[in-house]
Structure formats: structure tokens, C-alpha cells
Amino acid sequence: MKAHPKIIDRILEEIRGSRTFCVVGHIRPDGDCVGSQLGLTLALRNEGKKVVCWNEDSIPEKYLFLDPDRVIQKPKRGHKFDCVIATDAASFERLGTVAACITQRKRFINIDHHESNTRYADINWVSAREPSSGELIFRILKAAKWPITKPIANCLFTAVSTDTGSFQYPTTRPGTYHVAGELVRRGADLSKICDEVYQSYPLSRARLLRHIYSHFHLTHQNQIAYFWLKKADYARTGAESSDSEGLIDHIRAIAPVVVACVFEEIEPELTRISLRSKSERVNVNEIAAQFGGGGHPAAAGARIAGKPLSVQRKVVAAIKRALGSR
């Protein structure tokens, strides 16, 4: 049997010596965050541990099927924990309001796959080779020889599937298919997951998509595509911010486009950017880092203060420089 990294033994040693846990994830949770948080929480509870699972933001509707018992809750102050475990969060700041509620802890563990992870905990397992944090949680459960129940398998398969773009992104490795296959063997319900995650979009998202197709811009010999999402766009379409997840892939898929960017208004002078690259020669993690953000070489983001047009000019200029240096 393939040996596992020594850090897993260290993590399991801490887990076995702890009784009370808090499992936390990043703001605006995606499928990998939700699946990793829930999968680990359920596994710990099966081992008789006392566990709460916190996230600042609500779970996007398409992932609610993973959490029928509403295990993921908003953070509460005044709790003490033997061990806090963060999953899929590249920095302490990405935990949002959860951060202020987990100060009374004995041990802090950070499990993540983002290249830009700031290693903010006592024990940090950061493996950028893995295309999802769900795969890391799977490896921990396997090493511990804990049962992978059907609900856990659904959570972890959703985590792996969504963060690999349904196994389409170049980060997907042979081992990823092995993990996915094993999760299906353990009861992951493929038809349910595919229906809920990929084939049940609300009408509001379709309206948002229509807006994007009508308003996206191309520049730099059509190698850069970008669009804006303003608060007024959400109001007009009846969509929520979580409905925008994955919309960037629609303009990324246009043939000449190398880098796609979404500018999303958070406040009048605060913009969230999301970047996607489909060339190994353009690392958007490095572009995002110029603005205090991070992520992966093919997918990254940042929050940038300043007037919207000024932010747009700076980001597009940074993308052009990255394309120019290819």
C-alpha cells in the first residue's frame, strides 16, 4: 500500500487526542469547500467527536442536498475548542467572521491545496499538487481507516468533481480518477450529484448568463475576455452572488480567449476579481498576488479597493503584461 505523507500521521495524532472540534471553511463557499467541510465533520462525528461546522456565508442552493441536517452553521462567539480545522482556506482572512470566533483553541490545523496558502495554523498540510481539498480529506480518512459512508462519499465526490471542472481541468491527475472511482464504490450517487450541481440552475442564473453574453468585452487580440457584475445586475435578474459561480467559464471557453476575468462590485469602491487562465504560460495566481490575492495557476482571485474603472485598467494591464511575457 502506498505510504502517506508523515503530516497525515501528525494530524491524526492531534485529532485522536482532541474531543471538541470546529471545522471551518472560506467565505463564499464553493463545492470543494462545502464538500470538504461536511465530509470531515461527518467523519469526525462518526468517531464520537463533538464537532461544529461553521461558515460565514450560507451554502449555495445547489449544494444544500449535501447538508439535509443543516450541519453547516453561522459562527458563534464564546466557544472553546480542543482543535480547529480549516479546509480549503488559503489564508486566515478568507475565513471571514469565523476568525474572531475560533480564538479559544488548543490546536489549529490548516488543510488546503492552494499554492498561495499562507500557512497560518499550528499544523499546515498544503499540497498544491492535489486539484481539490476533497482529495486531501479523502486521504486522511483512508489513512485513519475511518468508514467512508454514503453521505461522506457524496460530499467528497462533489468536492473533487467541482474543483476539477468535472475532471476537465489540467490539474486533474490519474490519482484523482482513482479517488473518484473509490468514492463511487463507497456509494456516491452520481446521478443525484450531477443533477443537483450541474443541471438544476435557477432561472435567475440564466438571466445573469444572458446579461453576461450581452455585455462581455474582448481585448488584446481577443485573448482577454472580461465582464462586470454590479449589484444592479443581481437586482434586475433576481440572482444572488452565489449564482455567479462558474459563469466565468462561459467566456473562458471562447476559442481565442487565454485569460478571463470577472469584476464583481462588492461596494462602490471595492471590487472582487476572479481570474481564469487556459494556458500554462499564464499563471493567474501571480497576477492576483499583485493585488493582494491568490489561488492557483489557472484560477485565482482578489479584492481590490479603488474606483471601478481604475481597478479594471490596472487588472487588464497586468493581464496584458502576463500575456506579453509569454
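Observations on the model:
- Residue list for the range 11-51, restricted to those being assigned to a loop (DSSP other than H, G, I, E, B) and of a type in the set (Lys, Arg): 19, 28, 49
- Residues located in the range 181-220, provided they are assigned to a helix (DSSP H, G or I), of a type in the set (Ser, Thr, Tyr) and more than 21 Å from the chain's Cα centre (by Cα): 191, 204, 213, 214
- Residue satisfying all of: in the range 174-198; under 21 Å from residue 245 (Cα atoms) and touching a residue at least 24 places away in the same chain (Cβ under 8 Å); surrounded by the most Cβ atoms within 10 Å (Cβ to Cβ) among these: 193
- Residue within the range 68-83 that is assigned to a helix (DSSP H, G or I) and out of contact with any Asp or Glu (no Cβ under 7 Å at 6 or more places or on another chain) present: no
- Residues that are within 19 Å of the chain's Cα centre (by Cα) and part of a loop (DSSP other than H, G, I, E, B) do not occur anywhere in the range 133-156.
- Search result, residues across the range 128-147 that are modelled with pLDDT of 95 or more and among the basic types (Lys, Arg): 139, 142, 145
- Taken as a whole, the structure leaves residue 12 outside the set of residues that are within 23 Å of the chain's Cα centre (by Cα) and either within 19 Å of residue 135 (Cβ to Cβ) or at pLDDT 95 or above (or both).
- Criterion (modelled with pLDDT under 95 and acidic (Asp, Glu)) met by exactly one of 245, 265: 245
- Some residue of the range 25-32 being of a type in the set (A, V, I, L, M, F, W, C) and crowded, with 18+ Cβ neighbours inside 10 Å: no
- Within the range 54-65, not a single residue is of a type in the set (D, E, K, R), closer than 26 Å to residue 129 by Cβ and modelled with pLDDT of 95 or more.
For every residue, the table says whether it meets (1) crowded, with 24+ Cβ neighbours inside 10 Å; (2) part of a loop (DSSP other than H, G, I, E, B); (3) within 20 Å of the chain's Cα centre (by Cα).
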site	(1), (2), (3)
65	no, no, yes
93	no, no, yes
97	no, no, yes
115	no, yes, yes
119	no, yes, yes
125	no, no, yes
161	yes, no, yes
169	no, yes, yes
172	no, yes, yes
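- Of all the numbered requirements in (1) under 20 Å from residue 163 (Cα atoms); (2) assigned to a loop (DSSP other than H, G, I, E, B), residue 250 misses one, and that requirement is (2).
- Residue check, residue 242 in a helix (DSSP H, G or I), of a type in the set (S, T, N, Q) and free of Cβ contacts under 8 Å to residues at least 12 places away in the same chain: no
- Residue count for the range 276-326, restricted to those that are open to solvent by less than 70 Å² (accessible area, probe 1.4 Å), outside any strand (DSSP E or B) and polar (S, T, N, Q): 5
- Failed item in (1) within 14 Å of residue 152 (Cα to Cα); (2) assigned to a helix (DSSP H, G or I); (3) not acidic (Asp, Glu), with residue 8 passing the rest: (1)
- Those residues of the range 253-267 which are more than 17 Å from residue 211 (Cβ to Cβ), open to solvent by 10 Å² or more (accessible area, probe 1.4 Å) and touching a residue at least 24 places away in the same chain (Cβ under 8 Å), in sequence order: 256, 258, 266
- Residue that is under 22 Å from residue 60 (Cα atoms) and not β-branched (Val, Ile, Thr), where the choices are 188, 180: 188
- Taken together, 105, 45, 70 contain a single residue that is open to solvent by 20 Å² or more (accessible area, probe 1.4 Å) and more than 23 Å from residue 188 (Cβ to Cβ), which is 105.
The values are calculated or read from the model by the stated rules, or taken from the named source; none is laboratory data. None of the values given here were measured: they were computed from a predicted structure. All Cβ positions, glycine included, derive from the backbone under ideal geometry; neighbour counts span all protein chains shown. Ligands, DNA and RNA are stripped out before the accessible areas are found, and what is left, the full protein with its side chains, is counted by its heavy atoms. Shrake-Rupley method; radii C 1.70, N 1.55, O 1.52, S 1.80 Å.
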